[in-house]
């Protein structure tokens, strides 16, 4: 369906197996590149600007390696609740605290995505609202003992057990909550070079 991109070498700049799985679902050929950048950002930026800044930071770190026919996709996802960002937890204590804070509340999952070639860049964001049921301490402990949410914003994977038992509703893209808003990405790729 994206035949106009056949002359591009599409690169996903992410080590996330979930992003790789989601991009595969668009039925396009791509390779992956690991881009190591510190996921830090200026203190004055908030909300949607954080993942957009980080997606561009990852793109900038790889920009010098881009060939004429390369098309790079980078992304960053945050959980945003009550004016505070929830990134990847450092340890079990932080993960427990994050999940206790998300329990019984609606938070935003925001993904920033950057599409780059040597001469062009488009950066956008997608927001999904996620409502968690009240989680018990036992449910949080069970999840953290049996799953590994330490590489996930907000200390949870919606596609895992906690999503099955804890997510009451999602308004917006489910795949965005997993880490890549593939419908919007597909739309942007469809418009590329047109």
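The values are calculated or read from the model by the stated rules, or taken from the named source; none is laboratory data. Remember, predicted model here, so these are calculated numbers, not experimental data. All Cβ positions, glycine included, derive from the backbone under ideal geometry; neighbour counts span all protein chains shown.
Things worth noting here:
- When region 14-37 is limited to residues that are outside any loop (DSSP other than H, G, I, E, B) and in contact (Cβ under 8 Å) with a residue 60 or more places away in the chain, the one that is nearest to the chain's Cα centre (by Cα) turns out to be 19.
- Put simply, of 90, 152, 118 the only residue that is in contact with a strand residue (DSSP E or B) (Cβ under 9 Å, 6 or more places away or on another chain) and surrounded by fewer than 15 Cβ atoms within 10 Å (Cβ to Cβ) is 118.
- Residues that are surrounded by fewer than 13 Cβ atoms within 10 Å (Cβ to Cβ) and assigned to a helix (DSSP H, G or I), drawn from region 137-149: 137, 138, 145, 146
- Evaluation of residue 180 against (1) in a loop (DSSP other than H, G, I, E, B); (2) surrounded by fewer than 19 Cβ atoms within 10 Å (Cβ to Cβ); (3) touching a residue at least 12 places away in the same chain (Cβ under 8 Å) (one fails), failing number: (2)
- With a requirement of 3 or more residues that are modelled with pLDDT of 95 or more and farther than 26 Å from residue 34 by Cα, the strands (runs of 3 or more DSSP E) lying completely within region 46-136 that satisfy it span 106-116, 121-132.
- Filter pass, residue 127 being touching a strand residue (DSSP E or B) at 6+ places or on another chain (Cβ under 9 Å) and under 14 Å from residue 170 (Cα atoms): yes
- Any hit, region 1-22, residues being on the phi > 0 side of the Ramachandran plot, surrounded by fewer than 17 Cβ atoms within 10 Å (Cβ to Cβ) and modelled with pLDDT of 95 or more: no
- Matching residues, region 156-177, being assigned to a loop (DSSP other than H, G, I, E, B) and either under 15 Å from residue 129 (Cα atoms) or touching a residue at least 40 places away in the same chain (Cβ under 8 Å) (or both): 156, 157, 158, 159, 172, 173
- Number of the exception - residue 186 against (1) farther than 27 Å from residue 121 by Cβ; (2) surrounded by 16 or more Cβ atoms within 10 Å (Cβ to Cβ); (3) in contact (Cβ under 8 Å) with a residue 24 or more places away in the chain; (4) more than 14 Å from the chain's Cα centre (by Cα): (1)
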